[in-house]
1. Explain nothing, just the number: dipole magnitude of the chain about its Cα centre with +1 on each Lys and Arg Cβ and -1 on each Asp and Glu Cβ, in debye rounded to the nearest 20.
2. Place the peptides 96-104, 240-248 in order of packing, highest mean first, counting for every residue the other Cβ atoms within 10 Å and averaging per peptide.
3. Could you put 183, 308, 378, 318 in order, starting from the residue whose Cβ has the fewest other Cβ atoms within 10 Å?
4. Calculate, for residue 45 and residue 216, the FRET efficiency according to 1/(1 + (r/R0)^6) with r their C-beta to C-beta distance and R0 51 Å; round to the nearest 0.05.
5. Could you calculate the contour length gain from residue 128 to residue 381, that is, 0.36 nm times the residue separation minus the distance between their Cα atoms, to one decimal place in nm?
6. Specify which labelled value, from (i) -0.62, -0.89, -1.03; (ii) -0.80, -1.00, -1.10; (iii) -0.70, -0.85, -0.95, agrees with log10 I(q)/I(0) by the Debye sum over Cα atoms at q = 0.09, 0.11, 0.12 Å⁻¹ derived from the coordinates of the model shown.
7. Applying 1/(1 + (r/R0)^6) with R0 = 51 Å to the Cβ-Cβ distance of residue 285 and residue 354, what FRET efficiency is obtained, to the nearest 0.05?
8. Quick one: if the Förster radius is 30 Å, what FRET efficiency do residue 86 and residue 166 give, using the C-beta to C-beta distance and rounding to 0.05?
Amino acid sequence: MSSPEPAGPEAHRPSPFTAAPGGDLRSVDDHLREVLAAVDPLTPYEQPLLDAAGLPLVHGVHAPIDLPRFTNSAMDGYAVRHEDVLDARQDRPTHLPVVGESAAGQSGPFGMPPGTSMRIMTGAAVPAGADSVVPVEWTDAGAATVRIYRSPTLGQHVRLIGEDVAAGDELLVAGTLLGPREIGLLAGVGIGRVRTRPRPRVVVLSTGNELREPGQSLGFDSVYDANSYLLAAAVRAAGAIPYRVGIVGDDPRTFADTLSDQLVRADLVVTSGGVSKGAYDVVKDVLSQLGTVRFVEVAMQPGKPQGIGRIGEDRTPIVTLPGNPVSAYVSFEVFVVPALRRMMGKMPERRPLVQALLQGSLTSAPGRRQFLRGRFTIEEDGAHVQAAGGAGSHLLGGLAQANALIVVPEDTTAVADGQSVAVLVLDREW
């Protein structure tokens, strides 16, 4: 099991959260530490480049070849010796015989005698004896003989061997997140596989007799299952692989059997619903009997009922989230996203807070850390945020309007208009 605090540079980075409150509720910080302690970084292996996109390198990568690998042309035009075209002018062009053609991927090593030229295409090898390229626009585009109306500078439009990357250079250091530019660089030097940790496989289950699949008919007191879709999409957005199981009714045996069947493909299980104090809280009822899952009340709003532990022969980590959609999503952002990042080896594990000026005012209950939905914008005078939607944990419309969470500390009960607040900005890599 990994330690509660990350090793390396992350261990010295201050927590983005404030100190734990007093009282019987568990602090957000303490619960996050237990969630992180329940997951381990996944074992790395060699992966194809596109499969590794969005994942951090486990080891640094060195260039096996030079880039460019051979001296080539940056323009369509004519390869020349600079001294042969030094006096070329619009009113007094230089005439040179054209002794051949060099096209990308269609030429071999060859030379060019003094006093001649060779037609050349972008990316094609520059022949020995040439040291500059005249763009075709500076010529009459002749085939047997070319008139050159302007002289290039020495070496102009010529890409030299290794001027971009030299063989043996360290291209990317360990921990580099592989985005499109990094993937392009690795492919450009012929590296087709790299060592990264895999994407966690996350099984997502929603519980509740009242739930129905989108598109089905609703009964008088039934609702559509937003949670499993919301959380599966959030898993994918975090860079992991979701397996949405869908709806599981409030029957202990059905839930236990479904959970057992799913463990074979899970690096992490995330459930929503059934963790409070109701008569049909099946998740809590079943998992409490195992003795390996801890259910607590966390000093946060929304998202007070939480659970964390390990289940099955492989001790697969499981995070149980509350059933209201906003509570489930906020809990996922605060607790599950850092866990997934640890499993993939991404740093930092915790989303950094940014400061923004509050537009409007707000109030907050004492003793709980409030995560309010907000709209975050960057304007000419800096970052701003305003509350989006209502405070209810069932308000999906307000959640969809938000692109940030306004974080109000436990000891703050009111924030005035124009005051600086801490913000978790959603939907972006950091």
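Each value in this text was obtained by applying a stated rule to the coordinates, not by laboratory testing. None of the values given here were measured: they were computed from a predicted structure. Virtual Cβ from ideal backbone geometry, glycine too; neighbours counted across all protein chains shown.
1. 320
2. 240-248, 96-104
3. Placing the least packed residue first, the sequence is 378, 183, 308, 318.
4. 0.80
5. Extra length available between residue 128 and residue 381 comes to 85.3 nm.
6. (iii)
7. After rounding, the FRET efficiency stands at 0.80.
8. 0.45
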